[in-house]
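What follows is one structure encoded as structure tokens, with my remarks underneath.
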Amino acid sequence: MKILFLSHQWTRNSHLSLYSGFKRFIHFAALHNDATLVTFGPEETEYREDNVRVITVKGAKKDYFFSKRMAISRKGKELAGQFDAIHSIVSDCTYYLPENQFTMTLHVLPGVVKYKEFKQNAFLFLKYHVIQKRAFRRAKEIVCVSRNLLAAIPQKYQSKARFIPHGVDTEFWDPALAKMPAAFPEGGYVLCVGSHGLDMQLFREFIEANPSVPFVMVGVKERLGDHSNAHYLTKISDEDLRDLYLGAGLTFRPMLFATANNCILESLAMGKTVLANRIAGVTDYLTDDTCVFMDTLKDKSLANLQALRLDPITLRQTTIEKFGWPRIVNDYLAIYNQ
């Protein structure tokens with residue numbers, strides 16, 4: 001099948017690691033399909049990345065007025081007739097796509113995602129009214145990465161909306177490929193990766209309740225105070241991050257809101273037990289069989305990390321079956337073929 005993908009995030013212009021995020025979907029779809037991606041770059045060009053033909057439109061990294069997203073969708077409209085399926089892997093790049101001919105994946109909506117900063121919420125509000133409402137009307141299929149997003153779709157578009165989970169690259173996030181990190185005690189630290197939706201206050205409470213337990217935070221921009229057991233890491237390689245997952249006793253994700261979360265999926269793929277709060281968006285990916293929910297703890301003590309850990313082999317195998325990219329690609333191919 002010839003598939004045209006559109007996204008403003010790709011390996012050369014994404015804030016996510018090379019092996020994280022929904023962009024990995026395209027690589028796995030390209031293993032058995034003819035895949036072309038339209039994205040942005042410093043100039044208009046065309047190149048191949050692995051099995052993906054990449055076409056770039058010219059655009060700067062900052063895009064407050066959606067200009068590069070519009071340019072990507074215009075290029076998509078120009079190319080649309082050459083493909084069997086059109087898929088904007090984010091809602092952002094849909095504006096000019098031909099009506100009733102494209103699938104889009106929805107990751108965020110106002111009211112579901114609630115940022116602290118006014119600038120972020122204003123951007124979300126504008127995106128909804130300029131791009132997403134139009135996309136709801138014009139899309140052939142709307143795929144949501146969480147059920148709380150699905151519930152927030154206007155009722156008149158529910159018939160063409162569905163939930164398909166976000167996926168994870170279980171080929172890269174594999175404990176067999178990792179080594180124990182030397183900087184922290186094996187199995188004796190708690191790991192948190194990323195800051196999107198993070199409940200900083202709850203995180204701080206756990207750090208203070210467990211002064212003897214190291215908390216290792218990767219990509220957490222806001223410091224949580226002066227705590228000797230809190231360690232902040234930035235700009236580490238994907239391979240070093242994989243090692244940190246391997247050595248962690250638990251992965252910690254206290255969330256204010258959630259749709260899908262790369263840290264949760266990568267942790268599960270690495271066979272790591274996740275400690276999380278039981279909220280919408282999280283419960284689409286974690287159950288009482290695959291994580292420790294905070295409401296099951298008597299208090300905030302993590303003195304005995306080993307007692308909380310679930311079977312790593314079962315966690316990884318369940319993740320491969322439910323959230324591995326080959327499974328998710330097949331779910332989307334069924335939509336394309338309708």
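The values are calculated or read from the model by the stated rules, or taken from the named source; none is laboratory data. Being a predicted model, the structure only gives us computed values, none of them experimental. Backbone-built Cβ (ideal geometry, glycine too); neighbour counts: all protein chains shown.
The single residue among Leu275, Leu246, Leu268, Leu286 that is free of Cβ contacts under 8 Å to residues at least 24 places away in the same chain, in contact with a helix residue (DSSP H, G or I) (Cβ under 8 Å, 6 or more places away or on another chain) and within 29 Å of Ser212 (Cβ to Cβ) turns out to be Leu286.
Looking for something at positive phi and either in contact with an Asp or Glu (Cβ under 6 Å, 6 or more places away or on another chain) or assigned to a loop (DSSP other than H, G, I, E, B) (or both) - is there at least one such residue anywhere in segment 28-50? Scanning segment 28-50, I find at least one residue that is at positive phi and either in contact with an Asp or Glu (Cβ under 6 Å, 6 or more places away or on another chain) or assigned to a loop (DSSP other than H, G, I, E, B) (or both), so the answer is yes.
Take the conditions (1) closer than 23 Å to Gly281 by Cα; (2) out of contact with any Cys (no Cβ under 6 Å at 6 or more places or on another chain); (3) assigned by TED's automatic domain parsing to the domain that holds Thr318; Asn229 misses just one of them, which is (1).
Would you pick out the residues in segment 51-90 that are among the aliphatic types (A, V, I, L, M), in a helix (DSSP H, G or I) and crowded, with 21+ Cβ neighbours inside 10 Å? Listed by number, the residues that qualify are Ala71, Ile72. Among residues of segment 294-315 that are within 18 Å of Ile264 (Cβ to Cβ), none has a Cβ under 7 angstrom from a residue that is loosely packed, with under 12 Cβ neighbours inside 10 Å and of a type in the set (Phe, Trp, Tyr) at a sequence gap of 6+ or on a separate chain. With respect to (1) crowded, with 18+ Cβ neighbours inside 10 Å; (2) touching a strand residue (DSSP E or B) at 6+ places or on another chain (Cβ under 9 Å); (3) more than 16 Å from Asp240 (Cα to Cα); (4) not hydrophobic (A, V, I, L, M, F, W, C), the lone exception for Arg223 is condition (1). Quick one: is Val130 among the aliphatic types (A, V, I, L, M) and in contact with a strand residue (DSSP E or B) (Cβ under 9 Å, 6 or more places away or on another chain)? No; evaluated as a whole, the condition is false for this residue.
A single entry from Phe40, Phe22 fulfils the requirement of being within 23 Å of the chain's Cα centre (by Cα) and closer than 19 Å to Tyr336 by Cα: Phe22. Remark: Leu18 matches the filter, which requires a residue to be in contact (Cβ under 8 Å) with a residue 60 or more places away in the chain and either out of contact with any helix residue (DSSP H, G or I) (no Cβ under 8 Å at 6 or more places or on another chain) or not charged (D, E, K, R) (or both). Given the criteria farther than 16 Å from Ile26 by Cβ and in contact with a Ser or Thr (Cβ under 6 Å, 6 or more places away or on another chain), does Thr56 qualify? When the stated conditions are applied, Thr56 does not pass them. Taking the residues in segment 217-264 that are in a loop (DSSP other than H, G, I, E, B), closer than 16 Å to Ser17 by Cβ and among the hydroxyl-bearing types (Ser, Thr, Tyr) as candidates, determine which candidate is modelled with the lowest pLDDT. So, considering only residues that are in a loop (DSSP other than H, G, I, E, B), closer than 16 Å to Ser17 by Cβ and among the hydroxyl-bearing types (Ser, Thr, Tyr), the one modelled with the lowest pLDDT is Thr234. If you go through segment 258-302 and pick out every residue that is under 18 Å from Val193 (Cβ atoms) and hydroxyl-bearing (Ser, Thr, Tyr), you end up with 5.
Okay, residues lined up against (1) surrounded by 20 or more Cβ atoms within 10 Å (Cβ to Cβ); (2) over 18 Å from Ile207 (Cβ atoms):
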| site | (1), (2) |
| --- | --- |
| Thr251 | yes, no |
| Phe293 | no, yes |
| Lys300 | no, no |
| Thr314 | no, yes |
| Glu321 | no, yes |
| Ile328 | yes, yes |
